[in-house]
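The structure appears below as structure tokens.
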Amino acid sequence: MSVGIVVFPGSNCDRDVRWALEGCLGLETRFLWHEERDLSGLDAVVLPGGFSYGDYLRCGAIARFAPVLEEVRSFAEAGGPVLGICNGFQVLTEMGLLPGALTRNGRLHFLCEPALLEVNPGPCRWLQGYGEKERISLPIAHGEGRFQVGAEDLKALEEHGQVALRYAANPNGSVGDVAGLCNRAGNVLGLMPHPERACDPVLGGIDGSRLLQSLLS
């Protein structure tokens, strides 16, 4: 199995994701520079955290036009597994692969802390290693992680089982306590917490490892 990790100018978690996938799981990875168009041979794609294009305009607003994301869109629409972490989640919403928007945290402060989450796997292929309503802890590190969507849209997301992760104690003001969403097909997941930073018992716990291990099945 080979996993592509998209690298934008300003990405800063691409190497963290590579470390988790290669060092902890033994998977092959390939960095995809934002100007690339070749996804051949890849079985999954990860959009990592960071500050793509410096987060100018707003988070993910410029990244959505990157040439590589035209191919990622086609890959996702064909059923390929796509994971967006933190800034990657923001990019997925800007692309329209996931609904809603990520805005400034409720208290306007950057948050860097562990977050207790409730998992609702539903149709999400990335979360089948977790139990329904299982509670896990993953670190967050964001200034614009407040998920926003209209009341009717939130209701539809809940009805289709797309709210994959919820904050147990909402740190940023996200509507519906949303920490992560999947698409209806279940192959695209976006989340603000960082599973790649929770794959080692010494360096932050292992609650994120099962999410990445889903690639093995």
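No lab work stands behind these numbers, since they all come straight from the coordinates. As the structure is a computational prediction, the values presented were derived from the model and not from experiment. Every residue, glycine among them, receives a Cβ derived from its backbone with ideal geometry; neighbour counts consider all protein chains shown.
Could you bin all the Cα-Cα distances of the stretch 69-180 into 5 Å bins starting at 0 and give me the percent of pairs in each, rounded to whole numbers?
Answer for the stretch 69-180: a P(r) of 2, 12, 21, 25, 22, 14, 5, 0 percent.
Using only DSSP helix segments of four residues or longer, with each worth -39500 (n - 2.57), what per-residue ellipticity at 222 nm results for the chain after dividing by its residue count and rounding to 500?
Computed ellipticity for the chain at 222 nm equals -5000 deg cm²/dmol.
Using Cα pairs closer than 8 Å and at least 6 residues apart in sequence, work out the relative contact order for the stretch 2-216, in percent.
20
Relative contact order, percent, of the stretch 16-105 when contacts are C-alpha pairs under 8 Å separated by at least 6 residues?
Worked out over the stretch 16-105, it gives 30 percent.
Check ASP200: other-chain or 5+ apart residues with amide H under 5 Å from its amide H, H built from backbone geometry?
Placed amide hydrogens put GLY205 under 5 Å from ASP200.
Name the residue, out of PRO195, PRO81, PRO67, whose mean-square fluctuation peaks in a Gaussian network model built on the chain with Cα pairs under 10 Å.
Among PRO195, PRO81, PRO67, the largest GNM mean-square fluctuation belongs to PRO67.
Quick one: among CYS112, CYS182, CYS13, which has the greatest mean-square fluctuation in a GNM of the chain with alpha-carbon springs under 10 angstrom?
Top of the fluctuation ranking is CYS112.
Based only on Cα atoms, what mean projected area does the convex hull of the chain have, in nm²?
10.4
What are the ³J(HN,Hα) values, in whole Hz, obtained from phi via the Karplus relation 6.51 cos²θ - 1.76 cosθ + 1.60 with θ = phi - 60°, for each residue of the stretch 7-21 in sequence order, with x given for Gly and Pro?
So the J values, rounded to whole Hz, are 10, 9, x, x, 4, 9, 10, 4, 6, 4, 5, 4, 4, 5, 6.
Under Stokes-Einstein, with the Kirkwood radius over Cα pairs standing in for Rh, what whole-number D in µm²/s applies to the stretch 167-213 at 4 °C and 1.567 mPa s?
108
With +1 on each Lys and Arg Cβ and -1 on each Asp and Glu Cβ, how big is the dipole of the chain about its Cα centre, in debye rounded to the nearest 20?
I would put it at about 340 debye.
Quick one: Kirkwood hydrodynamic radius for the stretch 1-117, alpha-carbon pairs, angstrom, one decimal?
Radius from the Kirkwood sum: 14.6 Å.
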